[in-house]
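Notes follow the structure.
The values are calculated or read from the model by the stated rules, or taken from the named source; none is laboratory data. Please read all numbers here as calculations on a predicted model, not as lab measurements. As a convention, Cβ positions derive from the backbone with ideal geometry for all residues, glycine included, and neighbour counts pool all protein chains shown. Just so you know, the surface numbers come from the protein's heavy atoms only, side chains and all, with ligands and any DNA or RNA stripped out. Shrake-Rupley method; radii C 1.70, N 1.55, O 1.52, S 1.80 Å.
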Amino acid sequence: MFLPIRLTFLFFLIFFITACNLVFVTDKALVEKAIALQINLSQEQITQQFRQKSPPPLKINRVVITDVESLKLQNLPTFRVMGTYDFTLEYPQRQILHKQNPYQVYLQQQKEGKTWRLLRRQKKPGDNETQWFTYLIE
């Protein structure tokens, strides 16, 4: 009789910890910041490659989370978050709205639990191997 109580408690504890992490991950403000960071990193690469001026300011809104998958990368809890978002490019004379763009971001909570990082799989410079690069979400 004592064993089922322990198993029930253990199950409840695991569920509670997982649920707490999912609450943080489904925070739309965090996901919005991660999407913006991911887009900005991509725009910087394109701008450098083509030696263009900086891209127009980008405004992200209407973030919808459709799926959250829990996994571990580099021995830290990581979440693959997917969904859609709208964004507006702000040019001096006009604004361009793009609706329901799909996204996929990998978010990793750091050991101390105070900060989150965006993970991106990229090729190593001068190599064909891919590895995970992390960027602080501010």
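When the stretch 81-138 is filtered for residues that are of a type in the set (Ser, Thr, Tyr) and touching a helix residue (DSSP H, G or I) at 6+ places or on another chain (Cβ under 7 Å), the ones remaining, listed by number, are 85, 103, 135. For first residues located in the stretch 113-138 and over 13 Å from residue 77 (Cα atoms), partners that are surrounded by 12 or more Cβ atoms within 10 Å (Cβ to Cβ) and small (Gly, Ala, Ser) and lie 6+ apart or on another chain with Cβ distances below 6 Å form the pairs 137/34. Just give me the residues in the stretch 80-138 being open to solvent by 30 Å² or more (accessible area, probe 1.4 Å) and either touching a Pro at 6+ places or on another chain (Cβ under 7 Å) or of a type in the set (Gly, Ala, Ser) (or both), in sequence order. Selection gives 84, 90, 91, 113, 126.
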